[in-house]
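Have a look at the structure below, then the notes.
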Amino acid sequence: MTPGDAEPRMRGARLEVVFLDRDGTLNRDDEGYLADPDRVVLLPGAVEAVRSLNAAGIKAVVVTNQSGIGRGLITEEALSRIHERLIALLAAGGAMLDGIFVCPHRPEHGCPCRKPGTELALQAARHLGVDPSRSAMIGDLPADVALAHRLGGRAVLVLTGHGRRTDVEWADEPRPHYIANDVYDGVQWLILSQD
């Protein structure tokens, strides 16, 4: 499926929440482990994407793997400041996140909250009182797409961040329902596909 292709509309399943990856989806991902809040740069379309979700009454929630904490490369204080900066940049454009949920563990720890594990998204869904099966996940990695499938929701791969490489190197992972140029394109497809 290429950008702009559409799949049949969702039947009777109004979206309640869109889970958003952070690095490579909402903000640039060009230094490995983002540890400096001053280096948070939103990708084109990020503000408009979150603002569109807000206007449609759909929760916008970041779910992000941040193993830099578990590796000792990022402090929890630095991560908090990074997220404050992300929230401020979005708010400056009239967009608001409904939550940010983080897995700080290294991949080898095998924790259930690390994407594509579902615990982080389920925790967010419980906190917000939404049905995780009425969700979508937008991200640039196979783990993001796999999480959406495990929740029974819609999977959108963005071609920003690592998305182009992910699309080219796809193995036997579950396929996305839609491949979007960027997060705004993905959000628009999700909103239109449920009408």
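The values are calculated or read from the model by the stated rules, or taken from the named source; none is laboratory data. Computed from a predicted model, the values in this text were never measured in an experiment. Neighbour counts are summed over all protein chains in view; Cβ atoms, including those assigned to glycine, are modelled from backbone coordinates with ideal geometry.
Tabulated data for the structure shown
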quantity: Tally of residues being assigned to a loop (DSSP other than H, G, I, E, B), surrounded by fewer than 16 Cβ atoms within 10 Å (Cβ to Cβ), of a type outside the set (Gly, Ala, Ser) and out of contact with any helix residue (DSSP H, G or I) (no Cβ under 7 Å at 6 or more places or on another chain) across the stretch 32-59; calculated: 3
quantity: Residue selected from the stretch 131-190 under the condition charged (D, E, K, R) and assigned to a helix (DSSP H, G or I), by the criterion surrounded by the most Cβ atoms within 10 Å (Cβ to Cβ); calculated: 144
quantity: Within the stretch 1-41, tally of residues that are modelled with pLDDT under 50 and touching a Pro at 6+ places or on another chain (Cβ under 9 Å); calculated: 1
quantity: Count - residues of the stretch 85-118 that are part of a helix (DSSP H, G or I), within 17 Å of residue 65 (Cα to Cα) and modelled with pLDDT of 95 or more; calculated: 1
